[in-house]
Amino acid sequence: MTDKHFTLTDPESGTETKLNRYDPTLGPSVLDITSLYSDQGVFTYDPGFGATASCTSQVTYVDGEAGVLLYRGYPIEQLAEHSNYLEVCYLLLHGELPSREELAEFDKSIRTHTMINESLLRFFNGFHNDAHPMAMVSGVVASLSAFYHDTTDIYNPEHRDIFAHRIIAKLPTIAAAAYKHTLGQPFIYPKNDLSYCSNLLRMFFAVPADEYEIDPVAAEALDLLFILHADHEQNCSTSTVRLAGSSGTSPYSAIAAGISALWGPAHGGANEAVINMLEEIGTADRIDEYVARAKDKNDPFRLMGFGHRVYKSYDPRAAIIRNMCHRVLAGLGQQDSPLLEQALKLEEIALKDEYFIEKNLYPNVDFYSGIIYQALGIPKSMFTVMFAIARCVGWVTHWCEMVADPNSRIGRPRQLYNGPAKRDYLPVSERN
Ligand code: SDX
């Protein structure tokens, strides 16, 4: 960090405050405003934190104008082409690509932590079969804090490591248990001899009454989608995990908070909302009607899967997923996907429309992902659960980075108060 600074002057009192400027490896510099309140008696104001750096981080870099996404410095396009999800998990957690031996050891550790305590399975009996899987998954993940009393010291790096491996390994098992509960089918136990995504597919789709053959095209497609969803800087759910974790709470509770934040349709819930929207639009001749609704200020309808708080250009992940759609759908024998045709048509029309051009609204990661999930046989209600499984490593990585930071403090934003000034209590007899 350098000693460059901005000077802020209060025009009324003339009081000057020196705001230190810290320069990054990449991206915008930041101004340290920690002394502003004590010097000038004012807060900064940034609802939604769109212009506020909440922390220092070495994990992921996003350039919204240029459409750049780097995991620990590696471009998402290169990781998507050459890596696999568990290797990306190792990279995010440890900051470097693993050696062959390191990856083998990490893979073995994840494979041998996939089972969940049998009593956790009974939690699902408390839910009706029509419970939304995100509600079940967030509830059961929070319940993990009732177990594992052997690793509760969050300031012990070994305990953090064990937590990281447990939650990354067990989330697919919990997700599969939630899905099976919605089907009224028996839970399928994980198998240690299967890869991460093959295990997940088998736990989702196998039944005791039949053999289940894993489709390598499906496993590979899932692995790539997980790489693309693994992390994304200080997004809503990751910031939620950091804020919840900053109180020193159980890391499982902090991850459960992140899952809950992800569920919203403005965030990870958009992948489910996109398919609902495409199905509601129905035919290509109705696309113009919905684009008009998305532009209408009096209509709350938004084009789901379009727009982004940071990307004001094409989300690089959406480009990769759009390009993989044709290959995966053809590989699954579903090349004539009406949903994909509808999505491509909608994108073509929207990107030519002045409103979307002027507001820099492009497809984001959620616009095409649901088309592939649906082709894999995964129901819409499970789409955001898939996002949560993939993003779990990002949440864990940021939680570990925060806990390991000696300067980390409990998060406590302030406010611009415009409620009633001080007033005295009135007995009910004196109220009108
Ligand atoms: C994810 O942060 C992350 O990194 C998130 C994520 C990750 O990996 O973690 O990338 C994952 O959450 C992707 C986003 C998924 N959400 C959606 O697809 C839902 C639809 N999108 C919008 O709700 C919206 O674009 C947001 C929430 C994503 C971004 O909202 P912003 O940055 O607050 O944008 P905004 O609401 O300020 O919109 C700017 C303008 C507004 O018009 P004006 O008030 O300026 O006239 O653009 C309009 C908005 O009305 N607008 C849209 C629109 N998105 C924004 N209009 C129509 N359709 C849309 N989708």
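Inspection of the range 321-335 identifies at least one residue that is assigned to a helix (DSSP H, G or I), surrounded by 22 or more Cβ atoms within 10 Å (Cβ to Cβ) and within 13 Å of the ligand (Cβ to nearest atom). Considering the range 273-285, and only residues there that are more than 11 Å from the ligand (Cβ to nearest atom) and touching an Asp or Glu at 6+ places or on another chain (Cβ under 9 Å), the residue that is most open to solvent (accessible area, probe 1.4 Å) turns out to be Ala284. Checking the stated criteria, Ala292 turns out to be surrounded by fewer than 20 Cβ atoms within 10 Å (Cβ to Cβ), over 19 Å from Ile372 (Cα atoms), within 12 Å of the ligand (Cβ to nearest atom) and hydrophobic (A, V, I, L, M, F, W, C). A single entry from Phe49, Phe6, Phe43 fulfils the requirement of being in contact with a helix residue (DSSP H, G or I) (Cβ under 7 Å, 6 or more places away or on another chain) and open to solvent by 70 Å² or more (accessible area, probe 1.4 Å): Phe43.
In the condition set (1) out of contact with any strand residue (DSSP E or B) (no Cβ under 8 Å at 6 or more places or on another chain); (2) within 13 Å of the ligand (Cβ to nearest atom); (3) free of Cβ contacts under 8 Å to residues at least 40 places away in the same chain, Tyr368 is compliant with all but (3).
Pick from Gly248, Gly264: which is out of contact with any Gly (no Cβ under 9 Å at 6 or more places or on another chain), more than 10 Å from the ligand (Cβ to nearest atom) and closer than 26 Å to Cys392 by Cβ?
Within the list Gly248, Gly264, the selection yields Gly248.
Here Pro186 clears all of (1) over 22 Å from the mean Cα position of the chain (by Cα); (2) closer than 30 Å to Asp107 by Cβ; (3) open to solvent by less than 50 Å² (accessible area, probe 1.4 Å) except the condition numbered (3).
Okay, residues lined up against (1) touching a residue at least 60 places away in the same chain (Cβ under 8 Å); (2) of a type in the set (A, V, I, L, M):
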| position | (1), (2) |
| --- | --- |
| Asn125 | no, no |
| Asp150 | no, no |
| Thr173 | no, no |
| Ile188 | no, yes |
| Val207 | no, yes |
| Ala221 | yes, yes |
| Leu228 | yes, yes |
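Of the numbered criteria (1) within 14 Å of the ligand (Cβ to nearest atom); (2) open to solvent by less than 50 Å² (accessible area, probe 1.4 Å); (3) free of Cβ contacts under 8 Å to residues at least 60 places away in the same chain, the one Val62 fails is (3).
The values are calculated or read from the model by the stated rules, or taken from the named source; none is laboratory data. As the structure is a computational prediction, the values presented were derived from the model and not from experiment. Positions of Cβ are backbone-derived with ideal geometry, glycine not excepted, and every protein chain shown enters the neighbour counts. These area figures cover heavy atoms from the full protein model, side chains too; ligands, DNA and RNA do not enter into them. Shrake-Rupley method; radii C 1.70, N 1.55, O 1.52, S 1.80 Å.
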